[in-house]
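Asker: After the structure tokens below, expect a handful of questions from me.
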Amino acid sequence: MTIRAGRGTLKVMPDRSSKKRPADLNKLAASIVADATTEEPDPDPYEGKNPAAVELGRQGGLIGGRARAEKLTPEQRSEIAKKAAAARWQRRSG
């Protein structure tokens with residue numbers, strides 16, 4: 001849900017969850033107990049992916065940012081920081 005305000009828009013969380021609950025208190029209690037006690041296995045995030053490729057990607061991600069920061073000169077880091085700050089201000093004012 002979006003509310004139009006004087007300067008822009010304000011996004012508000014919906015009042016209800018998307019799951020409908022029974023109006024009858026006994027049915028409501030039974031559904032809450034069923035939701036709390038049902039053991040559903042968590043989906044495997046790596047299902048259907050090559051484990052070797054996943055591991056290689058993880059290794060690169062763990063060292064990538066640090067390695068890039070070590071290669072940059074102070075002037076390059078400053079330029080990147082200025083660009084990021086400008087993008088943040090652009091998003092805030094626009």
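Laboratory data are not the source of any read-out in this text; all were calculated from the coordinates shown. Predicted model, so just to flag it, every value in this text is computed and none were measured. Positions of Cβ are backbone-derived with ideal geometry, glycine not excepted, and every protein chain shown enters the neighbour counts.
Asker: Sorted from fewest to most neighbouring beta carbons within 10 Å, what does the list Asp35, Asp42 look like? All intermediate terms of the calculation are to be shown ahead of the outcome.
Answerer: Details: Asp35 10, Asp42 5.
So the ranking, lowest neighbour count to highest, is Asp42, Asp35.
Asker: Oh, and also: Sequence neighbours fewer than 8 away in the same chain don't count; with that in mind, list the lysines whose C-alpha is under 29 Å from Lys19.
Answerer: Lys11, Lys27
Asker: A further question on this structure: Looking at the P(r) of the range 45-94, how many percent of alpha-carbon pairs lie beyond 14 Å? Spell out each step's value before the answer.
Answerer: Numbers: 845 of 1225 pairs.
Of all Cα-Cα pairs in the range 45-94, 69 percent lie more than 14 Å apart.
Asker: Give the cross-link partners of Lys71 among the lysines, using a straight C-alpha distance below 23 Å as the criterion and excluding same-chain residues fewer than 8 apart.
Answerer: Qualifying lysines at Cα under 23 Å: Lys82, Lys83.
Asker: Give, in nm to one decimal, the length gained when the segment between Arg58 and Ile32 is fully stretched (0.36 nm per residue of separation minus the Cα-Cα distance). Display every interim value, and only then the final one.
Answerer: On the way: separation 26, 0.36 × 26 = 9.36 nm, distance 3.81 nm.
That works out to 5.6 nm of additional length.
Asker: Now a separate question. Once the other residues with Cβ under 13 Å from the Cβ of Leu62 are scored (Lys, Arg +1; Asp, Glu -1), what is the net sum?
Answerer: Working: positive: Arg58, Arg66, Arg68; negative: Glu55.
Neighbour charge sum, excluding Leu62 itself: +2.
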